[in-house]
1. What is the dipole size for region 193-269, taken about its Cα centre, with +1 at each Lys and Arg Cβ and -1 at each Asp and Glu Cβ, in debye to the nearest 20?
2. Only bridges whose two residues both fall in the chain count here: according to DSSP, what percent of them are antiparallel, nearest 5?
3. Could you tell me the center-to-center distance, by alpha carbons, between region 768-818 and region 44-122 in angstrom?
4. To the nearest 10 square angstrom, what accessible area does Lys802 show with a 1.4 Å probe?
5. When all protein chains stay in place, what accessible area (Å², nearest 10, 1.4 Å probe) is found for Leu503?
6. In whole angstrom, how far apart do the alpha carbon centroids of region 315-388 and region 229-255 sit?
7. Using only the Cα atoms of the chain, build the gyration tensor, take square roots of its eigenvalues as a ≥ b ≥ c, and label the shape rounded, prolate or oblate: rounded if a/c is under 1.5, else prolate if a/b is larger than b/c, else oblate.
8. Determine the shape class of region 666-737: with a ≥ b ≥ c the square roots of the Cα gyration tensor eigenvalues, call it rounded for a/c under 1.5, and otherwise prolate if a/b is greater than b/c, oblate otherwise.
Amino acid sequence: MAVAIIRILNNSPTMKFIIGDVLIIIFILFITRLPQSFSTTEAIQPSLTRLDSKRSSPSVQESAAKAVLGRLLPTHLLSFHFKIVSKDVCGGQGCFLIENYDGPTENGPEILIKGTTAVEIASGLHWYIKYFCGAHVSWDKTGGVQLASVPKPGSLPLVKDGGVLIQRPVPWNYYQNVVTSSYSYVWWDWERWEKEIDWMALQGINLPLAFSGQEAIWQKVFMGFNISMEDLNDFFGGPAFLAWARMGNLHTWGGPLSKNWLKQQLVLQKKILSRMVELGMTPVLPSFSGNVPAALKTIFPTANITRLGDWNTVDGDPHWCCTYLLNPSDPLFVEIGEAFIKMQIKEYGDVTDIYNCDTFNENSPPTNDTIYISSLGAAVYKAMSNGDKDAVWLMQGWLFYSDSTFWKPPQMKALLHSVPVGKMIVLDLFADVKPIWATSSQFYGTPYVWCLLHNFGGNIEMYGTLDAISSGPVDARISKNSTMVGVGMCMEGIEQNPVVYELMSEMAFRKEKVQVLEWLKTYTHRRYGKSVQQIKEAWAILYHTVYNCTDGIADHNIDFIVKFPDWDPSINFGSRPSKLNSMHTFRLRTRSRRFSFQERSSDLPQAHLWYSTHEVVSALKLFLAAGNDLAGSLTYRYDLVDLTRQVLSKLANQVYLDAINAFRRKDVKALNIHSQKFIQLIKDIDVLLASDDNFLLGTWLESAKLLAENPSEMRQYEWNARTQVTMWFDTTPTNQSKLHDYANKFWSGLLEGYYLPRASSYFSYLSKSLEKNESFKLVEWRKQWVSFSNKWQAGLELYPVKAQGNFLTIAKALFDKYLS
């Protein structure tokens, strides 16, 4: 067997292996043929035990949990007592216990919360204030917390029957997508990060991705390979595009990175990691995926470095496209990967054994030969394990869905079995819609995490699959030969749809399926601080409409206000290639949809619609009727503004199509009527969004500028912030970016300042073409629009950072104007 493998490898001109690599492959092939009586828990137990040994001391964790309480409920700092306990108390699992404090309680503790880590203690605190005090915790930008229902110190509700014990059914609760750092976290300072880590702890997250500051580490590593800072300026992307530079999709775009940025982010990362470790979390750090600066090819001319193809540039501009990949089969790959892991340990300390690497994400191997794929996987793991002998490879499983034509069962097995048993964990990234575990025999025996993807580009869209969330993780865990070891949230952008993330977070502690309708009744009571009949009825409607998408389509918001179709409407939409991208390679499907307002032709562009708009209008009416009871609630304000925006946005889709049909009939009057209504809807939605601080463009731009340390950085960061949410990538004078509006946002300021001029100019060109009896001048419109966009992206005009107007009055007026 060994001789045969060596002969195959030696005869392959595309593979350059040293003897050590061959021996690893032989060992792996032997290991993967062992009898499959080894349970998943047993496979990962050594890693769990080692990670437990790395945790901070009980006193440090108890203090960290107490600090979370102090920031959340400072008035109740003395009302709770926290204690770290061993897993033996919890039957060998992670858990929390909520008990009445047994001791003097006058001006002292009333409730005792025990947990196996500070995360479990914080989760127990959250569980207690939710289910015993009726409180609610969500992101500040989705309404924040509702704590008014928590009784005063000395009056906290007692727990009955000896207390509450909640065990984790699976060890891990994972958090983040590799692009969340760009779509959501890019402009955060420590104050905002501290809030997020508190939120993570309260939600039970114990396996968070920690990607900040890695460019400073790469600078140190690559300089050891004679790569200069000038070379790195051509390698790193700008602040808002670092996620894609890290993945090798682009280089330079939005850059260069200043010394201030590199230093600032490294300091921030150390604070982030320190707090995560204090709370008993296991951070997931980056590792080497093969993406290298162009200069490395000159310095190491014999290295197996390949220039990749174009990734979404307009015309293959080498300034931004076609990055370089060092083949894992090259010994230099292991050398660089090992150096990177060791440099992180030197900078951060021994804080984890789990490392993320996605070498093959959106980048298929050059051959489907299984031995070759296995050797590549082994080399990737060797680079990690040489730097950390206990390394565990965490890999996003997106490639098995997005590139399923390449990753057939033999290729999947070759990659998944290329590392020792228990040394790889796969994120079933899109399990809420397209679970891979069910069609791959549990990832062929590899431990995996059931993940919710849910959001693309940080778009703002009311959307969810609550039934799938409430049952999917349970079905996966109890399935035959299950290898599930965790649940996770892998959204591209956060701070939207709080109901989705609250339910998903609870699944980390739920052994049985959740009855969603009953759960929603308690959720709404907690979220708004009181029970209101109209709200209960409204959420019952939202549950089976907006939050019950079952069509299997990834919901990337392409409503026409924010993703304006770039086409000539005199030509059938279906006759032209789709330019709608998601995950930047995943193709969103365009198909005919039934609008409750009116039937639409299939030769027109169609925004995603999976529910009856008529029913959701009824839900909005009920929400408005609750205004007198809830007008002072920030959570109600957020939800009402978001729901009104959702309804009006879908109405605008219909109005847009009315305008296009009028153009096709050559009816100038009808075109002008419908186009003006569309434009007015943009203006009115902008006014609505301006009434809530959480829907403002100005806060995004100001947060970018606040990180700058000089005027040059301020201009660069603002350009990055403006560009990401609009054109995204490169243009030519007559072509928009292929990724335009990928990260679109329903933000006041962006509608009035960017989306409105676009729609106005487009409809003006349509109207003129009818008046002059000419064909629509699409290229001329594009030229005008691209020019406008470039100027706007480089603009410095200020946008409000404070809400304006009364949200309830505005929402009622818009309902009467458009929907009554």
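1. Numbers: 5 positive and 7 negative charges, 16 e Å.
It works out to roughly 80 debye.
2. If we restrict to bridges inside the chain, about 40 percent are antiparallel.
3. Rounded to whole Å, the Cα centres lie 52 Å apart.
4. 140 Å²
5. The accessible area comes out at roughly 0 Å².
6. Their Cα centres are 17 Å away from one another.
7. Values: a/c = 1.66, a/b = 1.11, b/c = 1.50.
Verdict is oblate for the chain.
8. oblate
The values are calculated or read from the model by the stated rules, or taken from the named source; none is laboratory data. The structure displayed is predicted, hence computed values, not measured ones. Virtual Cβ from ideal backbone geometry, glycine too; neighbours counted across all protein chains shown. Note: areas computed on protein heavy atoms with side chains; ligands, DNA, RNA excluded. Shrake-Rupley method; radii C 1.70, N 1.55, O 1.52, S 1.80 Å.
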